[in-house]
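The values are calculated or read from the model by the stated rules, or taken from the named source; none is laboratory data. None of the values given here were measured: they were computed from a predicted structure. Neighbour counts run over all protein chains shown; Cβ positions are idealised from the backbone, glycine included. Please note that ligands, DNA and RNA were not included when accessible areas were found on the heavy atoms of the full protein model with its side chains. Shrake-Rupley method; radii C 1.70, N 1.55, O 1.52, S 1.80 Å.
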Amino acid sequence: MVRLINAPWCRKSPIERTPSVHTVTMASMRQQPRIASPNITSHWLAQLGQRFGIHYHFESSDMPRQPVATGHVHDVRLPQGMHLTLSGLDVKRGYTSTSYQSVPWFLSVILEGTVHLQLGKQQRLLQAGEGVCTHFDARHPLTVHHPVQTRLRTVNIAVLTTAPLGLPTPPDASCLHCWKLPKALCETLCTISEQPPSLWRQALVWQGLALQLIGLGLPERLTALSEHKRLSTRDRHCLTALHSRIAQHPAEPYSLTALAKEAAMSPSSLRQKFRACYGCTLFDYIRQVRLQQGYEALQRGASVQQAAHHCGYRHASNFSSAFKRHFGFSPHEWKRSSV
């Protein structure tokens, strides 16, 4: 598994992509260009990790300038709240990725090669023909070790919202569920992943395959939302509108009471239904969008103080603390590394 998703979750973050996931259009199915690099360096991965909340640790090497890997990473944006990343790498130096940004569900399938997973006290060696379905967050990050190997091919799927497909809400605790792919499906994935991308046909094919993987990979013990928590069409419409408004104006001084009134729900109902729909709490989502906006302000050259005010924080110290909890490094550390 190559945790380049969130390059994946995310050439924007999961938060940035979700406002339009309920509308199935050809634009939402358009592929992203393949990222091909003969030399995937530690610097390239570190920059990627800074944007997507992934911390990388690289094994020492007798040749410090040796690339970490060679190969490609390819994103396919899908409708219904899914984002898919394909990768094919020759790993030259072993490395470990620790992912902090959360989505309701993340699935990864190994077509060739091996990786070692750790989530809390759970550990698992994942080999070719096996998959994992997991839910994690900043408090319980997912750590993946990629050993040196000549061929590592993976299919990664980020489920950005559970509502469009009627999927179960992830549990409050982190979870790691491993499973074996049917042989025929594994062979199909290997064949399709080798085909050159097109503007639309490949997205249709991968949409169907992604649905199969989600259907097979979700833990069996999970059940759909109970009747009293099921979301009506009206609920989904109100939540989608609220979700989009927050994504577009994250710096506003939101309160639960005002947002509940806007959504025509009680505060407790809004809390429950928002988490059921998007797999995170309402204010976790607001914080994530604000921090992503703050990160982009830093990229444009803003000072830490300017970035904090831009995304709705009154005090730079509060922004810096939240930023480090979310991304794993502080704004000042990022600015020093980007010089």
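Identify all residues within region 231-259 that are part of a helix (DSSP H, G or I) and of a type in the set (Asp, Glu); write none if there are none. Matches in region 231-259: ASP235 only. Against the test of being exposed (fewer than 14 other Cβ atoms within 10 Å of the Cβ) and either in a loop (DSSP other than H, G, I, E, B) or of a type in the set (A, V, I, L, M) (or both), the options GLY312, GLY301 yield a single qualifying residue, GLY301. Would you mind stating whether ARG221 is open to solvent by 40 Å² or more (accessible area, probe 1.4 Å), assigned to a loop (DSSP other than H, G, I, E, B) and modelled with pLDDT under 90? It is true that ARG221 is open to solvent by 40 Å² or more (accessible area, probe 1.4 Å), assigned to a loop (DSSP other than H, G, I, E, B) and modelled with pLDDT under 90.
Evaluated against (1) of a type outside the set (Ser, Thr, Tyr); (2) within 19 Å of the chain's Cα centre (by Cα); (3) open to solvent by 20 Å² or more (accessible area, probe 1.4 Å), GLN292 falls short on exactly one condition, (3).
Within region 40-95, being part of a strand (DSSP E or B), among the hydrophobic types (A, V, I, L, M, F, W, C) and within 19 Å of the chain's Cα centre (by Cα) holds for ILE54, VAL73, VAL76, LEU78, MET82, LEU84, LEU86.
Of the residues screened, ALA128 is one that is in contact with a strand residue (DSSP E or B) (Cβ under 9 Å, 6 or more places away or on another chain), at pLDDT 85 or above and open to solvent by 10 Å² or more (accessible area, probe 1.4 Å).
Quick one: MET63 ticks every box in (1) buried (at least 18 other Cβ atoms within 10 Å of the Cβ); (2) modelled with pLDDT under 85 bar one, so which box is it? If we test MET63 against (1) buried (at least 18 other Cβ atoms within 10 Å of the Cβ); (2) modelled with pLDDT under 85, just (1) comes out false. Based on this model, can you work out whether THR257 counts as surrounded by fewer than 14 Cβ atoms within 10 Å (Cβ to Cβ) and within 22 Å of ASP172 (Cα to Cα)? Taking the combined requirement at face value, the residue does not satisfy it.
Annotation: of all residues in region 260-288 being over 22 Å from ASP172 (Cβ atoms) and in a helix (DSSP H, G or I), the one that is least open to solvent (accessible area, probe 1.4 Å) is GLU262.
Does at least one position in region 98-119 carry a residue that is over 11 Å from VAL155 (Cα atoms), touching an Asp or Glu at 6+ places or on another chain (Cβ under 8 Å) and open to solvent by less than 10 Å² (accessible area, probe 1.4 Å)? Checking region 98-119: not a single residue is over 11 Å from VAL155 (Cα atoms), touching an Asp or Glu at 6+ places or on another chain (Cβ under 8 Å) and open to solvent by less than 10 Å² (accessible area, probe 1.4 Å).
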